[in-house]
Amino acid sequence: MQEIPEERDHPEEECGVFGVVAPGHEVARITFFGLHALQHRGQESAGIAVSDGQHVMVQRELGLVSSVFDEPALRSMEGGAAIGHVRYSTTGANKWDNAQPVALPRGDGLVALGHNGNLTNSDALRRKVESLGHELRATTDSELITALLSHEPGSLLDAVCNVMPLLQGAYSIVTLTEHELVAFRDPNGVRPLVIGRLEGGYVVASETCALDQVGAVLDREVNPGEAVRITANGVESRQALRPVQRALCVFEAIYFARPDSILDGQTVWENRRDMGIVLATESPVDADIVVGLPDSGTPAAIGFAQESGIPYSEAVVRNRYVGRSFIQPGQELRQLGVKLKFNPLKSIIEGKRLVVVDDSIVRGTTTRKTVDMLKEAGAAEVHLRISSPPITWPCFYGIDMADRDDLIAANMDVAAIAAHVGADSLAYLSLDGLQRAMGRPASGYCRACFTGEYPIPVPDAAGKERFEAPAGAAPSR
Ligand code: SF4
């Protein structure tokens, strides 16, 4: 019996952050819904910190937003400002101490912080923080940043502007004290961060879909290197660091961001459809139907179908209610062919030549299972078309991308990968094609996992093993 893939062959998501200042409104509830919209960015822990002007309250727990917070929890968190965080972590590092917002004493109160990204100089920062007499509890670089802020006197905005020059790497951060909410972004702008206007206040979020969810209107991005103090009346900006070469993660457009989010003024869904259109012009194939693997492969599949004239069809149904923390079926049920996530539509697939469009291949293992599943369901041919270039380098900026040894495209050419995954043919979108589909020059994006050209220096010692280090060792996201 075929083995049904439970996960897709993607890079793992990162984290999502949200903040709101809206006195007189239910800020914890607004944050809950903002985080709910950002759930795709991290499913392993969720947390909210609220300030009532005198105290900062923090609740965080392992699990999905909807399982961490209930009505009594939200009602107990009254205040005028809040921040929130959803987190993805590597297995083994998924422990409560690493859930965010992180909170540490600062002056007479607390500073809470939520971080999306990854620092590349965390070893040096760790030594600095320890020299300040701080004992680290978590394994995240978010705790290092919070510790640095907790030792800085003055306003939170001043503290952030003093700490930002010490940080290297990717960071989009929200931070909160009793009196201030400050958001800030690294000078390359690797991870997205946007500001929205709300009736009676302002919000800040990783993606615009979270603004839509809470009824906020997009105002602008937090600029690379900028720190903003958000109040009910407006946004006070300081350009803490001179912006350098902008390097927004191109994978946000390919896979991470929600398709209804707007990145760089463009709807992500349309970006993905255009990647499919260009892919069809670059790598056409004779086939009967175009199939998108739900959900992230769908827009590119629609674009491929549109350009090629081959009809689009759903051929795999996905159970949308299976999260990462879902109880796993165990070996016995697996052998019985329990289909948790994907179930093929045999009557659609049988005897057909399929173009199967997906957005990326990381290790190749689940891609092979997907091809097996489609062939066992009766597909006559499976032609894989990938709407991004081959991933050949690891990511050091907050994405849990495998070691180079584990990246199938770093170790095999396209023909060998096709044979390995059992596809009748395989083609990737070219780097030029990706940029054409984006309608933007390559210079504004990080594309390091395709090119090995890292926009922020990566220390020689930086490797995936550092990011999976146990408590007491090098920190990660
Ligand atoms: S290396 Fe790849 S995944 Fe990481 S930030 Fe750059 S484009 Fe994004």
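The values are calculated or read from the model by the stated rules, or taken from the named source; none is laboratory data. Please read these numbers as outputs of a predicted model, since none were measured by experiment. Glycine also receives a Cβ, built like all others from the backbone with ideal geometry; neighbour counts cover every protein chain displayed.
Any residue at all in the range 387-406 that's out of contact with any helix residue (DSSP H, G or I) (no Cβ under 6 Å at 6 or more places or on another chain), without any contact (Cβ under 8 Å) to a residue 60 or more places away in the chain and among the aliphatic types (A, V, I, L, M)?
No, because not a single residue in the range 387-406 is out of contact with any helix residue (DSSP H, G or I) (no Cβ under 6 Å at 6 or more places or on another chain), without any contact (Cβ under 8 Å) to a residue 60 or more places away in the chain and among the aliphatic types (A, V, I, L, M).
Is it the case, given these coordinates, that residue 198 is over 17 Å from residue 438 (Cα atoms), within 16 Å of the ligand (Cβ to nearest atom) and among the aliphatic types (A, V, I, L, M)?
For residue 198, the condition - over 17 Å from residue 438 (Cα atoms), within 16 Å of the ligand (Cβ to nearest atom) and among the aliphatic types (A, V, I, L, M) - is not met.
Looking at (1) within 16 Å of the ligand (Cβ to nearest atom); (2) of a type outside the set (Asp, Glu); (3) over 16 Å from residue 434 (Cβ atoms), find the lone condition where residue 302 falls short.
That leaves (1) as the condition not met.
Among the residues of the range 275-287, are any under 25 Å from residue 188 (Cα atoms) and either in contact (Cβ under 8 Å) with a residue 60 or more places away in the chain or more than 16 Å from the ligand (Cβ to nearest atom) (or both)?
Yes; the residues of the range 275-287 include at least one that is under 25 Å from residue 188 (Cα atoms) and either in contact (Cβ under 8 Å) with a residue 60 or more places away in the chain or more than 16 Å from the ligand (Cβ to nearest atom) (or both).
Among the residues of the range 388-440, write down those that are charged (D, E, K, R) and farther than 20 Å from residue 301 by Cβ.
Across the range 388-440, the qualifying residues are 400, 403, 404, 405, 406, 413, 432, 440.
When the residues of the range 153-191 are narrowed to those that are of a type in the set (S, T, N, Q) and part of a strand (DSSP E or B), which ends up farthest from the ligand (Cβ to nearest atom)?
The residue in question is 175.
Could you please give the count of residues in the range 178-190 that are surrounded by 24 or more Cβ atoms within 10 Å (Cβ to Cβ) and either under 20 Å from residue 48 (Cβ atoms) or not assigned by TED's automatic domain parsing to the domain that holds residue 234 (or both)?
4
How about the range 66-127: which strands (runs of 3 or more DSSP E) wholly inside it have at least 3 residues that are under 20 Å from the mean Cα position of the chain (by Cα)?
Qualifying strands (runs of 3 or more DSSP E): 81-87, 109-119.
Could you please find all residues in the range 384-426 being in a loop (DSSP other than H, G, I, E, B), small (Gly, Ala, Ser) and away from the ligand (no atom under 11 Å from the Cβ)?
387, 402, 422, 423
Find all pairs meeting these conditions: Cβ atoms under 6 angstrom apart; at least six residues apart or on different chains; first residue within the range 140-166 and farther than 10 Å from residue 113 by Cβ and free of Cβ contacts under 8 Å to residues at least 60 places away in the same chain; second residue among the charged types (D, E, K, R) and surrounded by fewer than 20 Cβ atoms within 10 Å (Cβ to Cβ).
Listed by first residue and then by second, the contacts come to 159/152; 162/152.
What are the pairs with Cβ atoms under 6 angstrom where one residue, in the range 108-123, is in the same structural domain as residue 169 (by TED's automatic domain parsing) and the other, located anywhere, is among the acidic types (Asp, Glu) and in a helix (DSSP H, G or I)? Sequence gap at least six, or different chains.
Pairs found: 119/141; 122/141.
Collect the residues in the range 362-383 that are assigned to a strand (DSSP E or B) and either within 15 Å of the ligand (Cβ to nearest atom) or of a type in the set (Val, Ile, Thr) (or both), keeping them in residue-number order.
Within the range 362-383, just 382 meets the criteria.
Evaluate the following for residue 58: is it surrounded by fewer than 24 Cβ atoms within 10 Å (Cβ to Cβ) and either free of Cβ contacts under 8 Å to residues at least 24 places away in the same chain or within 19 Å of the chain's Cα centre (by Cα) (or both)?
Considered against the rule, which asks whether it is surrounded by fewer than 24 Cβ atoms within 10 Å (Cβ to Cβ) and either free of Cβ contacts under 8 Å to residues at least 24 places away in the same chain or within 19 Å of the chain's Cα centre (by Cα) (or both), residue 58 comes out as no.
Would you confirm whether or not the range 270-279 contains a residue that is modelled with pLDDT under 85, within 30 Å of residue 405 (Cα to Cα) and basic (Lys, Arg)?
no
With more than 16 Å from residue 34 (Cβ to Cβ) and not basic (Lys, Arg) as the only criterion, which of 207, 152 stands out?
Checking each option against the conditions leaves just 152.
Go through the range 226-258 and report how many residues are outside any strand (DSSP E or B) and closer than 19 Å to residue 204 by Cα.
Within the range 226-258, residues that are outside any strand (DSSP E or B) and closer than 19 Å to residue 204 by Cα number 7.
Scan the range 449-468 for residues that are exposed (fewer than 15 other Cβ atoms within 10 Å of the Cβ) and modelled with pLDDT under 50 and jot them down.
465
In the range 195-214, what residues are more than 20 Å from the chain's Cα centre (by Cα) and of a type in the set (Ser, Thr, Tyr)?
202
Check off (1) in contact with a Ser or Thr (Cβ under 8 Å, 6 or more places away or on another chain); (2) at negative phi; (3) crowded, with 18+ Cβ neighbours inside 10 Å for residue 125 and give me the number that stays unchecked.
It fails just one condition, (1).
For the range 209-260, which positions are in contact with a Phe, Trp or Tyr (Cβ under 9 Å, 6 or more places away or on another chain), of a type in the set (S, T, N, Q) and under 17 Å from residue 18 (Cα atoms)?
213, 231
Take the residues of the range 427-448 that are modelled with pLDDT of 95 or more and within 20 Å of the chain's Cα centre (by Cα): which is farthest from the ligand (Cβ to nearest atom)?
Per the criteria, the residue is 434.
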